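Report on the structure given below.
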Amino acid sequence: MTGDSIRVAVIGCGIGGMAAANALLHRDIDVHVYEQAPQLGEVGAGVLITPNSLRLLDRIGLGGAVAAVGASVGEGSRYYREDGSTIAPILTVDSSGWNGMFGVHRADLLGALADAFPAERLHTGHRCVGFTQDETQAAVTFDNGREIRVDAVIAADGIHSTLRTYVAEPSAPVDSGSVAYRGLVPAQQVPWWPAGISQLWMGERRHFLVYPVRRGTLINYVGFVPSHEKTVESWSAVGDVDTLRKEFATWDSPIPRLLAEVTATNWWGLYDREPLTTWTAGRLTMLGDAAHPMLPHLGQGANQSIEDAAALSVFLAGAGPQGVPEALLAYENLRRHRTTEVQLGARANGRRYDSHFQDLAERDAEIAGSVPFRSWLYDYDAEAAALEALAGR
Ligand code: FAD
């Protein structure tokens, strides 16, 4: 790090914050990360890492670590109707044929990102409670009384972001009308479950997704159902296993058989927010769920936050302390359009998966015809796009 290296504070050590911290450090930027929790930890079950983010993790030396804790998901992955008849293959490769898709336990992913980052730069027990800035620097205050002064602040503090209030008007969460039951089943309890593939069944107002995590030793399932009551915006409320079983009792037989092995499940009220029209105020910008909370129906929440991280690192690497506000705006300008499309695309895909169609043949045609959109997602190279935008400025 040189004498005029900028100082960056990332607020929030989720997947987005830790990806940003690693990407910035990889470009020799002086970065520290601050997390409200006393220790790093992730609740929840699996997350799918797709080629558009794995290629970026690879370049900062983390692709191998993620692959080592994940489970490869590849050919044979399929979409089905609720009775088990096949609709179409699930795309798991980019257009070059590279299979960069892994099912990863969220805790394993966060662990891989945190292990690669110097512990002395990671500060737990720091809940951000205030932000100010002037023309030369920004200051963040924490609930433990500490204050830091830096050149740039990156809000990676999730869907309930505290720092968002310094950038955008308050916005209410949008209730999708459905909830998800999520959990894990040890693979040895269901030896008949096919290895190495992702499967998604769809029926009226419901869909069911399954893929492996943790080197195939755990089977991750998510059952999406209509919400019959007002739900909380939480990832980790405890769900009722019998209710979950009833929701899918008449579906393709592997689903009831798998659910017969479930002993505990978590329940997740599905909300997103309308896309924001701005992410940046001077020396403060946002990343990940703070900037673009999305429904999970494209499996892109974590992947888009990793794309944000790679792009941000390109723009900040080229900036001195005075150039930070301009660099952050350039980052936002590149990222906001793509993430808005992904946010809206996730809503549209949820309607497809939950079969909000008069004619199911139309739904099936849309699912089978989704390859160009998936390729648009998976072929994208956020680092190359940022370098190109930087060169064109
Ligand atoms: P988050 O993962 O929410 O991380 C934000 C971090 O900031 C947290 O560690 C939080 O403690 C910290 N923080 C918050 N406020 C402050 C503050 N004031 N000061 C300091 N630190 C603060 N997506 C899926 O597609 N499928 C899933 O199954 C899934 N499960 C999820 C389970 C959980 C528990 C969560 C939180 C998210 C889940 N997501 C899931 C969403 C997906 O993981 C995210 O879209 C993606 O990881 C990007 O998140 P993020 O890092 O921006 O925010």
- [ ] Please work out if Ser77 is within 16 Å of the ligand (Cβ to nearest atom), in contact (Cβ under 8 Å) with a residue 24 or more places away in the chain and under 25 Å from Gly350 (Cα atoms).
- [x] no
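When you check Leu328 against the structure, is it touching a residue at least 60 places away in the same chain (Cβ under 8 Å) and surrounded by fewer than 20 Cβ atoms within 10 Å (Cβ to Cβ), yes or no?
Working: touching a residue at least 60 places away in the same chain (Cβ under 8 Å): yes; surrounded by fewer than 20 Cβ atoms within 10 Å (Cβ to Cβ): no.
In short, no.
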Task: Among residues of segment 349-369, those that are surrounded by 14 or more Cβ atoms within 10 Å (Cβ to Cβ) and without any contact (Cβ under 8 Å) to a residue 24 or more places away in the chain, counted - done: 4
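How many residues, within segment 256-313, are assigned to a helix (DSSP H, G or I), away from the ligand (no atom under 16 Å from the Cβ) and surrounded by fewer than 24 Cβ atoms within 10 Å (Cβ to Cβ)?
Looking only at that region, the number is 4.
For segment 33-44, give me each residue that is at pLDDT 85 or above and more than 6 Å from the ligand (Cβ to nearest atom).
The answer is Val33, Pro38, Gln39.
Strands (runs of 3 or more DSSP E) wholly in segment 92-173 with at least 2 residues that are in contact with a Phe, Trp or Tyr (Cβ under 9 Å, 6 or more places away or on another chain), within 22 Å of Leu24 (Cα to Cα) and within 15 Å of the ligand (Cβ to nearest atom) - which ones?
Values: elements: 102-105, 128-133, 138-142, 147-150, 152-155.
Per the criteria, 128-133, 138-142, 152-155.
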Task: Neighbours by Cβ (under 8 Å, 6+ apart or cross-chain): first from segment 115-139, touching a residue at least 24 places away in the same chain (Cβ under 8 Å) and farther than 13 Å from Tyr34 by Cα; second outside any loop (DSSP other than H, G, I, E, B) and of a type in the set (Phe, Trp, Tyr) - done: Phe131/Tyr166; Ala138/Phe131
- [ ] Please specify each residue of segment 186-200 satisfying the condition of being within 15 Å of the ligand (Cβ to nearest atom) and either more than 19 Å from the chain's Cα centre (by Cα) or not in a loop (DSSP other than H, G, I, E, B) (or both).
- [x] Leu200
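The values are calculated or read from the model by the stated rules, or taken from the named source; none is laboratory data. Please read these numbers as outputs of a predicted model, since none were measured by experiment. When we count neighbours, we look across all protein chains shown, and the Cβ atoms used for this are built from the backbone with ideal geometry, even at glycine.
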